[in-house]
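The values are calculated or read from the model by the stated rules, or taken from the named source; none is laboratory data. Please read all numbers here as calculations on a predicted model, not as lab measurements. Because the Cβ atoms are built from the backbone with ideal geometry, glycine has one as well, and the counts that use them run over all protein chains shown. The area values use the complete protein model at the heavy-atom level, side chains included, leaving out ligands, DNA and RNA. Shrake-Rupley method; radii C 1.70, N 1.55, O 1.52, S 1.80 Å.
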Amino acid sequence: MEGLPERERQFVGPRAYLTRRYRLCASHRLHSEAYTQEKNREVYGKCNNPHGHGHNYAVEVTVGGPVNAPTGMVCDLGELDAFAQTNLLQRFDHMNLNTLEVFSQTVPTTENFTREAFRIFQGFGGAQLVRIRIEETGNNSFEYGEELGRG
């Protein structure tokens, strides 16, 4: 282990996974400028309501890596929570997704919201991001990750 950075020397054992859940409320309207009003209503149904609608989202972030020998953990939960607070919750909680720059050129579907959350958490340096899962309703959830579908 000589020559390895201190952080890498601390890790031993198999890869472990941590999933942390964050909750936020946001609204959106599913509407594409590429479609006519009629086509938007056909494609998005009640989600095309001109006044929008809201969801109580549950965002699950799964990270993985070796277990840190001194702490016995995959990552520092305080660091992950602080990252989520700054980069996810402060940006999206109680917002109309349609009004945000990140969705100015794309429909703010939960699929696209999940992709954006994945992009954001790729910036977390405390462990490797595995997947993002966003529960929109009790019936609908969406997942995005590089390891999904392999195997």
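A few notes on this one:
- Hits in segment 54-73 (condition: open to solvent by 70 Å² or more (accessible area, probe 1.4 Å) and of a type in the set (V, I, T)): T71
- The sole residue among R119, R131, R115 that is within 22 Å of Y44 (Cβ to Cβ), open to solvent by 30 Å² or more (accessible area, probe 1.4 Å) and charged (D, E, K, R) is R115.
- Among residues of segment 81-108 that are over 15 Å from L30 (Cβ atoms) and open to solvent by less than 70 Å² (accessible area, probe 1.4 Å), those with a beta-carbon under 7 Å from a residue that is of a type outside the set (A, V, I, L, M) and not in a loop (DSSP other than H, G, I, E, B) at least six positions away or on a different chain give the pairs A84/Y22; L88/Y22; L89/Y22; D93/C25; V102/E116.
- Per-region count, segment 15-46, residues surrounded by fewer than 16 Cβ atoms within 10 Å (Cβ to Cβ) and either of a type in the set (D, E, K, R) or free of Cβ contacts under 8 Å to residues at least 24 places away in the same chain (or both): 16
- Residue pairs whose Cβ atoms lie under 6 Å apart, sitting 6 or more positions apart in sequence or on different chains, and linking a residue in segment 111-131 that is without any contact (Cβ under 8 Å) to a residue 12 or more places away in the chain to a partner that is surrounded by fewer than 20 Cβ atoms within 10 Å (Cβ to Cβ), are N112/T106.
- Apart from one condition, M1 fits all of (1) open to solvent by 90 Å² or more (accessible area, probe 1.4 Å); (2) in contact with a helix residue (DSSP H, G or I) (Cβ under 7 Å, 6 or more places away or on another chain); (3) at pLDDT 95 or above; (4) not in a helix (DSSP H, G or I); the exception is (3).
- Of the criteria (1) more than 14 Å from the chain's Cα centre (by Cα); (2) exposed (fewer than 12 other Cβ atoms within 10 Å of the Cβ), which one D76 fails: (2)
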